[in-house]
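Coordinate-derived values only; no laboratory data. Computed from a predicted structure; not experimentally measured. Cβ coordinates were reconstructed from backbone atoms using ideal geometry, including for glycine residues, and neighbour counts include every protein chain displayed.
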Amino acid sequence: MAVEMLKKVSEAEEKADLIRRQANEAAKEALERARASARELVENSVSKVKAETAQKLAEAAAKAEQESERYLQGIAEQGERVKEEARANLAQAVEIIVAKVVSVSG
């Protein structure tokens, strides 16, 4: 009977060791799955942020380009107005210069 009890204790210990090893293995696998999932989540988040950042930068660059074009167009229009005003006053300026030259020489 003692031998039988020792055998049962030994079997119980072996079974407990097996259960412990299986539990440890299951825990390791669960941890690895969790780590892989976390890595994937981080990679996806980084990719998403990079894509969103690139899109925002492209939008900002396009907006800056449009604003620059409008500004340059305004400057060009202002330059044209100044030229037109100068042309309008050109005849009068010539008359004043001629009158001064004539009065100085005459």
query: Under unit Cβ charges (Lys, Arg +1; Asp, Glu -1), what dipole magnitude, rounded to 20 debye, does the chain have relative to its Cα centre?
result: 160
Selection from V3, L18, G74, by position along the positive dipole direction of the chain (Cβ): V3
task: Report, in whole Å, the centroid distance computed from the Cα atoms of region 1-26 and region 29-85.
output: 64
field: Cα pair distances in region 53-106, grouped into 5 Å bins until the bin that holds the longest one, percent each
entry: 4, 17, 10, 11, 9, 8, 8, 6, 6, 5, 5, 4, 3, 2, 1, 0
message: Counting only helical runs of four or more DSSP H residues, what would the 222 nm mean residue ellipticity of the chain come to if each run contributes -39,500 (n - 2.57) and the total is spread over all its residues?
response: -38000 deg cm²/dmol
- prompt: FRET efficiency for A26 and A54, Cβ-Cβ distance as r, R0 = 35 Å, nearest 0.05?
  reply: 0.25
task: Kindly state, as a whole number, the per residue volume in cubic angstrom of the convex hull around the alpha carbon atoms of the chain.
output: 90
